[in-house]
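Each remark here refers to the structure printed beneath this line.
Each value in this text was obtained by applying a stated rule to the coordinates, not by laboratory testing. Please read these numbers as outputs of a predicted model, since none were measured by experiment. Cβ: placed from backbone, ideal geometry, glycine included. Neighbour counts: every protein chain shown.
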């Protein structure tokens, strides 16, 4: 069971209380939830967006939902596109491909959190590898990104 060093450092700096949940290797958020025995609507996943003008945004939604680009555009007043993993470069260097933690502050990224995640009592998310999830209170998760905007961004 491991965690990306950047995430571990950030959680330590924030004095976060969390535990780790190991699971068999998985390649998607929904599969990670299933293998860990966690309801997938309690798993937060990041979707990376780009406005083609040099601005990147981490949109965080439940694993059961998808980002609605029209809703994101209305909320941010910008047009966005999904960024493919092969375009990430070294931005998420200590994370396995497809296992990025949904904590934009770790990567110095603006973050937009789906409003449905604000009411979740216990929340899970990828630790930076394909074999462990981080578990913490929903309230503490939101405190990790105090400047993140919140709104209805998923379908």
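What the table below lists for this structure:
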| read-out | value |
| --- | --- |
| Unmet criterion (only one of (1) touching a residue at least 40 places away in the same chain (Cβ under 8 Å); (2) surrounded by fewer than 17 Cβ atoms within 10 Å (Cβ to Cβ); (3) more than 23 Å from residue 112 (Cβ to Cβ)) for residue 66 | (3) |
| Hey, residue 84 within 17 Å of the chain's Cα centre (by Cα), free of Cβ contacts under 8 Å to residues at least 12 places away in the same chain and surrounded by fewer than 17 Cβ atoms within 10 Å (Cβ to Cβ) or not | yes |
| Top-ranked residue of segment 95-133 - restricted to ones that are under 11 Å from the mean Cα position of the chain (by Cα) and farther than 26 Å from residue 74 by Cβ, ranked as surrounded by the most Cβ atoms within 10 Å (Cβ to Cβ) | 126 |
| Scan of segment 39-71 for residues that are part of a loop (DSSP other than H, G, I, E, B) and in contact with a helix residue (DSSP H, G or I) (Cβ under 8 Å, 6 or more places away or on another chain), ordered by number | 39, 63, 64, 65 |
| Subset of segment 19-38 that is touching a strand residue (DSSP E or B) at 6+ places or on another chain (Cβ under 9 Å) and free of Cβ contacts under 8 Å to residues at least 60 places away in the same chain - its residue that is surrounded by the most Cβ atoms within 10 Å (Cβ to Cβ) | 30 |
